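Structure first, then comments.
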Amino acid sequence: MKTISEIRDSLRLARRKLQESYTTRHQPARHLHAHTRIVDEHLRMVWQLLAMPPELALVAVGGYGRTELFPKSDIDLLILLPQQPDEQLQQRLQELVGNLWDIGLEVGHSVRTIGDCMAESSDVTVQTNLLEARHITGSYPLFAEMRETLSEHLNRRAFYLAKVKEQEQRHTRFLDTDYNLEPNLKESPGGLRDLQTVLWIARASGFGDTWRKLAEAKLITAQEATVIARHENLLQTLRIRLHYLAGRREDRILFDFQTELAEQMHIEATETRRASEHLMQRYYRTKRAVLQLNAVLLENLHTHLFPEGATIRPLNERFLARDNLLEVRDDTLFEHDPSAILESFLLMEQHPSLTGFSVPTARALLRARPRIDAAFRRNPHNRELFMKILRQPQGITHVLRRMSRNGILGRYLPAFGRIVGQMQHDLFHVYTVDEHILMVVHNVRCFALEKHAHEFPLCNKLMKDFARPEVLYIAALFHDIAKGRGGDHATKGRVDAARFCKQHGLTREDSELVVWLVQHHLLLSSTAQSKDLSDQDIIAAFAQNIPNDRYLVALYLLTVADIRGTSPKIWNVWKGKLLEDLFWSTRRFMVGGKVANLVGEVRRLAAETLNLYAVNPEAYELLWAQLDAEYFLRHEPHEIAWHTRLLSHRVNSATPVVKARLSRIGEGLQVLVYTPDKPYLFARICSFFAHMSYNIMEAKVHTTHHGYALDSFLVMDANNEKTVYRDVMNFIEYELAQQLTSDAPLATPGVGRVSRQFKHFPIAPQVIIARDEKGRHTLSIVAGDRTGLLARIAYLLAQHHIELRSAKINTLGSRAEDTFWISGEALDRPQEVDGLRKALQIQLA
């Protein structure tokens with residue numbers, strides 16, 4: 001009989017050989033069974049070595065119990081006792097568990113009698129574990145008694161309801177956007193757990209515990225069993241490889257492993273997409289199929305377990321409602337009249353009480369998908385039906401999502417089918433392209449609903465007055481549809497959009513608007529986030545691209561929907577204000593042209609606000625004399641009034657003035673800094689906010705005629721959306737003033753670590769130093785975002801004797817796209833400009 005040391009060595013050798021064999025024989029189910037047998041064998045060795053009492057039973061539960069033991073998963077064990085243990089037996093059980101850990105098994109164990117098992121089986125997790133119990137060694141009669149007792153106590157209906165509720169809660173928990181980028185193979189919606197849930201319920205209901213047995217029980221067809229097994233195979237393959245790659249129990253497809261997983265599976269990169277993106281597209285398509293099959297099977301099981309009579313309501317001569325499910329009267333309807341496929345989705349919109357398809361109808365849809373071919377797409381009746389779906393007053397988003405889940409939308413729009421499951425590793429999109437597109441359609445639709453008016457007041461008002469809103473839904477469907485083809489996706493997408501509009505009979509006016517929106521869907525956001533919106537010439541140049549007010553409204557609505565549909569973390573009130581400011585400035589320009597004396601108008605409005613505070617013009621005459629026209633053009637009247645009230649009696653203050661107030665946009669703080677100008681001042685301010693982990697969203701830097709810096713910042717907490725800004729205002733005012741008083745040399749600002757995503761999907765830093773439309777020098781950078789990045793840039797600019805005049809900070813997830821207006825004599829010397837560019841590129845890498 002082997003010693004513990006020998007058993008440990010034997011287990012280690014057997015596992016190593018098993019891992020090596022997997023590199024040549026990629027059969028996940030067999031691999032999991034083989035691993036289970038290895039562990040079984042070594043558990044029996046320890047059990048026999050310790051001469052455990054024969055009346056006890058060692059039982060495998062969980063994944064180990066169903067012989068699906070993944071390489072680094074825990075070994076779930078139940079030590080079954082005939083009666084409560086005495087002190088001597090408790091010591092022997094502790095010795096057993098200690099030895100199991102010593103040989104290299106990470107065990108999760110419980111010690112119970114049959115009575116304990118039944119008492120705890122009210123917990124659905126315990127009940128599920130016991131359902132999968134498998135005898136390893138020891139008393140088989142005791143094990144059999146436990147199984148029989150469980151079977152007698154198992155309420156099939158209650159178990160079904162509990163497992164369905166458990167799945168719904170798990171789906172909700174794993175809908176976090178982090179799991180879109182790095183999904184959990186086991187727990188995420190469409191993962192292995194969804195397949196296991198079906199088998200648990202089927203097993204508890206007596207239908208079997210394999211896909212083949214479910215097919216024999218007529219719960220699924222033989223073809224469906226084959227399809228499910230294929231998807232399960234991919235998920236198991238990925239999880240096995242992931243465990244071996246990580247060297248631990250890791251169930252998330254982390255960025256760290258995506259590229260290597262693709263290489264192991266011989267997935268190659270193409271000209272326009274990484275190998276990891278191809279891998280993830282394969283995963284996302286499997287996820288969608290698993291979700292679809294899970295829904296069909298759970299509904300089928302529900303029908304068998306709850307066979308009570310349904311309420312049937314006729315809808316028309318071809319469809320009826322069975323309770324709240326849509327059902328075809330003839331299961332072959334979709335085959336002999338494929339147009340009924342689109343009609344079924346139109347009925348879903350027209351009857352809001354319908355929540356889905358009955359099992360026979362869902363299966364009929366799956367079988368009929370190949371009937372959506374070129375001839376189907378050319379059929380005028382089908383084109384008319386699709387446009388009716390887009391023109392319904394309700395249910396548009398839900399139906400388009402349902403069409404996508406069932407593979408219908410991708411068949412009807414082949415360009416959409418190509419981007420299903422396509423990931424975007426661009427550091428800010430957190431959804432696949434198809435999910436993002438449907439999210440944008442959803443956002444546009446929300447703008448029209450009164451219940452969202454408080455969230456999107458301007459969008460809601462504009463949408464109410466927007467005729468034929470289906471043009472926006474079509475533009476949303478096509479705005480990113482050419483992603484992954486290489487080149488400019490907007491230019492290629494407009495071709496697809498133009499073809500669709502022509503085929504579906506849109507008017508020339510509406511067709512031109514859709515095509516224009518797809519081509520220019522990034523125009524408003526790029527202008528708002530990188531241009532000086534205080535410059536009337538910028539507004540005029542932007543307005544030249546907008547044919548009329550309907551185009552401007554449509555572009556604004558699509559842009560807001562697009563940004564909000566990119567990631568929940570991308571949108572903030574500041575971005576909303578930028579877009580709204582550009583919208584209103586453009587609208588005013590399109591109506592009345594340039595304001596003749598804009599500086600005078602701004603001064604007048606600021607003076608009106610000051611009058612409300614009973615501030616005499618003589619009190620701020622000296623301050624305003626130090627401010628040039630550029631100051632009045634770049635600040636809003638309410639900002640000027642705030643600055644004036646604070647500084648009119650401190651024009652020549654020898655000590656720094658730092659004041660903060662809650663931002664008028666409803667998020668973040670506005671911070672004013674007024675102090676005699678000196679080198680590295682802006683870098684000091686940036687370093688201060690970097691140490692607070694605050695993002696500077698906008699910086700307006702101004703130097704007065706008498707050499708004072710009058711700088712204004714909008715800052716937000718980078719890590720906490722729920723910060724109570726009022727609580728930190730005094731801290732900022734005091735601490736920042738103290739730091740600005742110091743004459744100590746500024747230490748080189750540190751830069752925080754880049755995100756894990758950026759490490760694996762880096763972007764080449766871009767540094768562009770050029771002149772804008774007014775001849776002013778601009779610095780544009782694109783790089784991976786990290787804490788302290790702006791402080792480091794400011795420090796480098798100061799080192800090269802470059803003054804920063806203004807900044808637009810645009811953070812897209814982990815990607816920074818910032819624009820700075822700069823000045824300095826060095827900018828007129830090409831050699832020094834080249835040196836600055838290279839220094840910045842080194843820091844941004």
- Task: For segment 76-151 and segment 421-496, compute the distance between their C-alpha centroids and round to whole Å.
- Result: 54
- Item | Within-10-Å neighbourhood charge of Tyr556 [Cβ basis; K, R +1; D, E -1] | 0
- Message: How much length would be gained if the chain were fully extended between Glu512 and His304, taking 0.36 nm per residue of separation minus their Cα-Cα distance, in nm to one decimal?
- Response: 69.6 nm
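Taking only protein heavy atoms into account and a 1.4 Å probe, give the accessible area per residue of the chain in Å². Can you show the working numbers first?
On the way: 36950 Å² over 845 residues.
With the other protein chains kept in place, the chain gives 44 Å² per residue.
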- Message: Through the Karplus equation 6.51 cos²θ - 1.76 cosθ + 1.60, θ set to phi - 60°, convert the phi angles of segment 736-746 into ³J(HN,Hα) values in whole Hz; use x for Gly and Pro.
- Response: 5, 4, 4, 5, 6, 6, 5, 9, 5, x, 6
- Note on the structure: With -39,500 (n - 2.57) per DSSP H segment of 4 or more residues and division by the full residue count of the chain, the 222 nm estimate, nearest 500 deg cm²/dmol, is -17000 deg cm²/dmol
- Message: Positive end of the dipole of the chain, charges at C-beta (+1 Lys, Arg; -1 Asp, Glu), about the Cα centre: which of Leu175, Gly593, Phe357 has its Cα farthest in that direction?
- Response: Phe357
- Item | Cα-based Rg of segment 361-417 normalised by 2.2 N^0.38 Å, two decimals | 1.11
- How far, in degrees from 0 to 90, does helix 637-647 lean away from the longest principal axis of the Cα atoms of the chain, to the nearest 10? 70
- Query: Which option, [x] 31.5; [y] 33.8; [z] 29.8, is the value of Kirkwood radius over Cα pairs in Å that was calculated from these coordinates?
  - Reply: [x]
- Excluding ligands, DNA and RNA, the carbon-plus-sulfur percentage of the accessible area of segment 1-148 with a 1.4 Å probe reads 47
- Could I have the simple spin-label model distance between His109 and Asp727, label points 7 Å from Cα toward Cβ, reported in nm to one decimal? 4.7
- Item | By accessible area with a 1.4 Å probe, ligands and nucleic acids excluded, highest first: order of Lys388, Lys163, Lys569 | Lys569, Lys388, Lys163
- Volume per residue, Å³, of the convex hull around the alpha-carbon atoms of segment 621-708? 104
- Item | Where the Cα pairs of segment 47-102 fall when distances are cut into 5 Å bins, in % | 4, 16, 26, 24, 18, 9, 3, 0
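Hey, could you grab the Kirkwood Rh for segment 448-508? Inverse mean 1/r over distinct alpha carbon pairs, Å, one decimal.
Across segment 448-508, the inverse of the average 1/r is 13.4 Å.
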- Note on the structure: The size of the Cβ-based charge dipole (Lys, Arg +1; Asp, Glu -1) of segment 481-626 about the Cα centre, to the nearest 20 debye, is 760
- Rg to Rh for segment 709-748: what is it, with Cα atoms only and Rh by Kirkwood? 1.03
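If you place +1 on the Cβ of every Lys and Arg, -1 on the Cβ of every Asp and Glu, and leave all else neutral, what size is the dipole of segment 769-819 about its Cα centre, to the nearest 20 Debye? Each step should come with its number before you reach the end.
Working: 8 positive and 6 negative charges, 10 e Å.
Approximately 40 debye in magnitude.
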- Message: To make sure I understand the rule: partners must be lysines, Cα under 16 Å from the Cα of Lys531, and not fewer than 8 residues away in the same chain. Which ones qualify?
- Response: Lys575, Lys577, Lys700, Lys774, Lys808
- How far is helix 222-246 tilted off the main Cα axis of the chain, in degrees rounded to 10, range 0 to 90? 70
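Please get the size of the charge dipole for the chain, origin at its Cα centre, with Cβ charges of +1 on Lys and Arg and -1 on Asp and Glu, quoted in debye to the nearest 20.
Working: 106 positive and 101 negative charges, 381 e Å.
Roughly 1840 debye, rounded to the nearest 20.
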- Query: How big is the gap, in Å, between the Cα center of segment 549-626 and the Cα center of segment 1-65?
  - Reply: 70
- With the dipole of segment 500-637 defined by +1 on each Lys or Arg Cβ and -1 on each Asp or Glu Cβ, the option from Phe632, Val615, Pro547 whose Cα lies farthest towards the positive pole is Pro547
- Note on the structure: If amide H atoms are modeled at 1.01 Å from N in the peptide plane, then the residues at a separation of 5 or more from Gly356, or on another chain, having amide H under 5 Å from its own are Leu326
- Task: Let me know the shape class of segment 773-826, please: from the alpha-carbon gyration tensor, a ≥ b ≥ c as square roots of the eigenvalues, rounded when a/c is under 1.5, otherwise prolate if a/b is greater than b/c, or oblate.
- Result: oblate
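Return one quarter of the surface area of the convex hull spanned by the alpha-carbon atoms of segment 497-616, equal to its mean projected area, in nm².
9.9
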- Query: For segment 288-446, what % of the accessible area comes from carbon and sulfur atoms, probe 1.4 Å?
  - Reply: 53
- Can you give me the Cα centroid spacing of segment 704-728 and segment 209-277 in angstrom? 49
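The values are calculated or read from the model by the stated rules, or taken from the named source; none is laboratory data. Being a predicted model, the structure only gives us computed values, none of them experimental. Using ideal geometry, Cβ is built from the backbone for each residue, glycine included, and neighbour counts are taken over all protein chains shown. What goes into the accessible areas is simple: the full protein's heavy atoms, side chains included, and nothing from ligands, DNA or RNA. Shrake-Rupley method; radii C 1.70, N 1.55, O 1.52, S 1.80 Å.
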